[in-house]
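*Asks:* Structure below; questions to follow.
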2 protein chains.
Amino acid sequence: MRIAMLGTGVVGRALAVELARRGDDVVMGTRDPAGPPADELAALLDEHPGVSLAAFPDAVDGAELVMLAVGGLHAIDVVAGIGDDALDGLVIIDVSNPLDFSAGFPPTLSVCNTSSLGEQVQAAVPSARVVKALNTVNVEVMVDPTSVGAGDHDLIICGNDADAKSEVASFLRERFGWESIIDLGDITAARGTEMYLALWLRMLAALGTSRFNIRIVK
Amino acid sequence: MRIAMLGTGVVGRALAVELARRGDDVVMGTRDPAGPPADELAALLDEHPGVSLAAFPDAVDGAELVMLAVGGLHAIDVVAGIGDDALDGLVIIDVSNPLDFSAGFPPTLSVCNTSSLGEQVQAAVPSARVVKALNTVNVEVMVDPTSVGAGDHDLIICGNDADAKSEVASFLRERFGWESIIDLGDITAARGTEMYLALWLRMLAALGTSRFNIRIVK
């Protein structure tokens, strides 16, 4: 599958590598592909022929699926810059969190409570089909849920388009092995999964590891 | 144990009944104990001789433990009204959440992100030892964690005073059977457990039950 991976940071790189290993054709989107890539990105591109680099709009051109893995503070700029027409009908898996580290650790959220980044992304490109997913776990857990508690934990997703959520659930099951995916409702539920980050960050500190997730126990 | 239960709503009543059943002497605090109690409260007082009603300051007088179970929007007024001197050294289990239902369901939080109700309560009565606890689960789960998933889930607490947290953990284990209690750190971690409510409320809607909790899977 041709996948546009928007963002070349830790999350975008790890997702790109794992998808390329599984046979997907990944085009990583970046602001300025002409500039020299950072060392880690250059090494990644060398090592993985299935991953290439392009400007944001070019990365999306011909993509069957878009993953938004830029820093949360840049997410709206990036999708708005690509434009609603170019993203019309495309499924965007929004992995981003609105984390603002400007006052140190733990970060605060740049939007929460009465809105969410997921909602803002969907509003910025209304013709795209945004599914908030994977933002509640560390990247190592994203791509290998069985590495934590034998996979006995839940991924919580949300979005306005039922078909898009179903496609994303199948994709995450097939590519990464996510077995338990809970549909939390429409994109406003991203308030819940993003605000959970405040708890996640404290858990990270208390547990001393980012390799954890939650299981809903009924 | 003599326990001051601040708040006569659903949560305060259920906690008071369960504690009285286990032999505790519970004084429920209310704003105006001279007024006629609502029907449910009157029935409770009739049925449970171990539970009595008093004005907020009188409820705390002689108490060995305080539980703050008022609506979150009233929590600061209630503790500030009782006063720091009257609460000096006392452990307050802060069960409240800053839920604002004025715009309907789901509610928003009246404080979050850069502060929390737990922090505000601690700041309002600095000589008390506030432990945020139980606010992440429904009252039925609070008093009977084994009723959900055989108790295989976690209670997350926080507070500035290590001894107070240890006392609260013992209390919740002995009274209600909480086996797994995770100490999330100082009271600023209440931002995490309160903001989790945004996720909890969406889970409530998605699962169709309030009888659930999370387990941290490592």
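The values are calculated or read from the model by the stated rules, or taken from the named source; none is laboratory data. What you are looking at is a predicted structure, and each value in this text was computed from that prediction instead of being measured. With ideal geometry, Cβ positions are generated from the backbone for all residues, glycine too; neighbour counts draw on all protein chains shown.
*Asks:* Among the residues of the range A:204-218, what is the count of those that are part of a helix (DSSP H, G or I) and within 7 Å of another protein chain (Cβ to nearest Cβ)?
*Replies:* Filtering the range A:204-218 down to residues part of a helix (DSSP H, G or I) leaves A:204-207.
Add one more test, that the residue is within 7 Å of another protein chain (Cβ to nearest Cβ), and what stays is A:205-207.
So the answer is 3.
*Asks:* Right, another one. Yes or no: A:Arg175 at pLDDT 95 or above, over 21 Å from A:Gly118 (Cα atoms) and more than 11 Å from chain B (Cβ to nearest Cβ)?
*Replies:* Numbers: at pLDDT 95 or above: yes; over 21 Å from A:Gly118 (Cα atoms): yes; more than 11 Å from chain B (Cβ to nearest Cβ): yes.
Considered against the rule, which asks whether it is at pLDDT 95 or above, over 21 Å from A:Gly118 (Cα atoms) and more than 11 Å from chain B (Cβ to nearest Cβ), A:Arg175 comes out as yes.
*Asks:* Separate question: Which of (1) in contact (Cβ under 8 Å) with a residue 24 or more places away in the chain; (2) farther than 30 Å from B:Ser115 by Cβ; (3) over 18 Å from the mean Cα position of the chain (by Cα) is the odd one out, the single condition A:Pro106 does not satisfy?
*Replies:* (2)
*Asks:* Looking only at residues in the range B:1-26 that are more than 22 Å from B:Leu73 (Cα to Cα) and aliphatic (A, V, I, L, M), which one is surrounded by the most Cβ atoms within 10 Å (Cβ to Cβ)?
*Replies:* So the residue we want is B:Val26.
*Asks:* Within the range B:178-203, count every residue that is free of Cβ contacts under 8 Å to residues at least 60 places away in the same chain, under 26 Å from B:Leu73 (Cβ atoms) and more than 7 Å from every other protein chain (Cβ to nearest Cβ).
*Replies:* Residues that pass the stated criteria total 1.
*Asks:* Hey, another quick one. Look at B:Asp152 and say whether it is among the acidic types (Asp, Glu), at the interface with another protein chain (Cβ under 8 Å from one of its Cβ atoms) and touching a Gly at 6+ places or on another chain (Cβ under 9 Å).
*Replies:* Values: among the acidic types (Asp, Glu): yes; at the interface with another protein chain (Cβ under 8 Å from one of its Cβ atoms): yes; touching a Gly at 6+ places or on another chain (Cβ under 9 Å): no.
Against the criterion (among the acidic types (Asp, Glu), at the interface with another protein chain (Cβ under 8 Å from one of its Cβ atoms) and touching a Gly at 6+ places or on another chain (Cβ under 9 Å)), B:Asp152 does not qualify.
*Asks:* While we're here: In the range B:112-133, which residues are touching a strand residue (DSSP E or B) at 6+ places or on another chain (Cβ under 7 Å) and crowded, with 20+ Cβ neighbours inside 10 Å?
*Replies:* B:Gly118, B:Val121, B:Gln122, B:Ala128, B:Arg129, B:Val130, B:Val131, B:Lys132, B:Ala133
*Asks:* Of the residues in the range A:120-143, how many are of a type outside the set (Gly, Ala, Ser) and free of Cβ contacts under 8 Å to residues at least 40 places away in the same chain? Break it down into steps so the answer makes sense when it comes.
*Replies:* Of the range A:120-143, the ones of a type outside the set (Gly, Ala, Ser) are A:120-122, A:125-126, A:129-132, A:134-143.
Restricting the remaining residues to those that are free of Cβ contacts under 8 Å to residues at least 40 places away in the same chain gives none.
Result for the range A:120-143: 0.
*Asks:* Okay, moving on. Scan the range B:205-218 and report the pairs whose first residue is closer than 15 Å to A:Met203 by Cβ and at pLDDT 95 or above and whose second residue is of a type in the set (Lys, Arg) and surrounded by 14 or more Cβ atoms within 10 Å (Cβ to Cβ), with Cβ atoms within less than 6 Å and a gap of 6+ or a chain change.
*Replies:* Pairs found: B:Arg215/A:Arg215; B:Val217/A:Arg215.
*Asks:* Applying the selection to the range A:19-64, what residues are in contact (Cβ under 8 Å) with a residue 60 or more places away in the chain and on the phi > 0 side of the Ramachandran plot?
*Replies:* A:Gly62
*Asks:* If I ask for residues that are surrounded by fewer than 23 Cβ atoms within 10 Å (Cβ to Cβ), in a helix (DSSP H, G or I) and more than 14 Å from chain A (Cβ to nearest Cβ), which ones from the range B:155-168 would you list? Give the steps one after another, and end with the answer.
*Replies:* First, the residues of the range B:155-168 that are surrounded by fewer than 23 Cβ atoms within 10 Å (Cβ to Cβ): B:160-164, B:166-167.
Narrowing the set further to residues that are in a helix (DSSP H, G or I) leaves B:162-164, B:166-167.
Those that are surrounded by fewer than 23 Cβ atoms within 10 Å (Cβ to Cβ), in a helix (DSSP H, G or I) and more than 14 Å from chain A (Cβ to nearest Cβ): B:Asp163, B:Ala164, B:Ser166, B:Glu167.
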